[in-house]
1. In region 163-206, what percent of the accessible surface is made up of carbon and sulfur (1.4 Å probe, ligands and nucleic acids excluded)?
2. Over 30 Å between Cα atoms, which of K39/K154; K120/K212; K99/K185; K72/K154; K72/K99 qualify?
3. Would you kindly derive the ³J(HN,Hα) couplings of region 36-53 from the backbone phi angles with the Karplus curve 6.51 cos²θ - 1.76 cosθ + 1.60 (θ = phi - 60°), listing them in order in whole Hz, with x for Gly and Pro?
4. Please list, in chain and number order, the residues 5+ apart from F225 or on another chain whose amide H is under 5 Å from its amide H, with Hs placed from the backbone.
5. Taking H placed 1.01 Å from N in the peptide plane, check which residues at least 5 places from F73 or on another chain put their amide H under 5 Å from its amide H.
6. Kindly write out, for region 85-98 in residue order, the coupling ³J(HN,Hα) from the Karplus curve 6.51 cos²θ - 1.76 cosθ + 1.60 (θ = phi - 60°), rounded to whole Hz, with x marking Gly and Pro.
Amino acid sequence: SSDLGKKAKLAKPTANATNANNKKVGKEAVNEEEEEKRKLEARREKQRRRREKNSEKYGDGYRMAFTCSFCKFRTFEEKDIEVHLESTTHQETLDHIQKQTKFDKVVMEFLHECMVNKFKKTSMRKVQSTQNEAAKAAEKNLLEGVTDEDHMIKVETVHCSACNTYVPALYSSVQQHLKSPDHAKSRVAYKEQIKRESVLTATSILNNPIVKARYEQFAKGENPFENVEPSQESAVETNEAEQTTEQINFTEDTAVDFTEDTVDFSEDPTDQIDFTADTDYVTTEEN
């Protein structure tokens, strides 16, 4: 038949079809916006729960503690954090991060300076709030409502992070805990956990667009920690607080894929700083 050789005509899209497509695109955009709002609310809720947990664990003044995010080191004494940042333990953690990520020397120096800057900011915050905290402490009666029949007294304790337990602040009790089989086992496991999570913490910090901009300044020899807006500092602190604590097995001498385990600040992958992709930029690996 002659009809077999004819090309079928393409039907022009009708107005109804066009409108349907536009509605579909609009609906997808709304769904994406709702999903972003849901993620934001979930992140805020997670941050709120973390604040409550820290407040319960360390007291209302936990934000006044000096911390090293990589080593999970926490202290209320300024001299202790100074010693830690210069310690072999801290350097070993940085060496582990570098080995797993292949970050170059400049990046590692920047990560260390981030902790030093955090220490300085906490020192300033502590000085500014000393009087307010003292006044609040005087007003708050810890044992309010406690009677003799409750048989409760205030005591000092030592917290063991490795075992996640509190030990009475007595020499005999501390020594007994130190020599216990459970502590010996827990401290080994906790050390490995710190090593694993230090890598996640480092990459999560570096994935923050604000920190990325600071790193670029640092790489140019500038000081990126001067004249920092409080809102920026708060965003960076939130980033550290939200970093994942999932335990992941890392193979030795292998670059780690962080795409699933770093904090997601944007759906746009260009907002994520990749410190392993560009060998001329920050890595020491040879092409």
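1. On the way: 1460 of 2610 Å².
About 56 percent, which is the carbon plus sulfur part of the accessible surface.
2. Among K39/K154; K120/K212; K99/K185; K72/K154; K72/K99, the Cα-Cα distance tops 30 Å for K39/K154.
3. 5, 5, 4, 5, 5, 5, 5, 5, 5, 5, 5, 5, 4, 5, 5, 4, 5, 5
4. Sorted by chain and number, the residues that satisfy this come to none at all.
5. Distant-sequence amide H within range of F73: C68.
6. Using θ = phi - 60°, the values come out as 5, 9, 7, 5, 4, 5, 5, 5, 5, 5, 5, 5, 4, 5 Hz.
The values are calculated or read from the model by the stated rules, or taken from the named source; none is laboratory data. None of the values given here were measured: they were computed from a predicted structure. These accessible areas exclude ligands, DNA and RNA; they are computed on the full protein's heavy atoms, side chains included. Shrake-Rupley method; radii C 1.70, N 1.55, O 1.52, S 1.80 Å.
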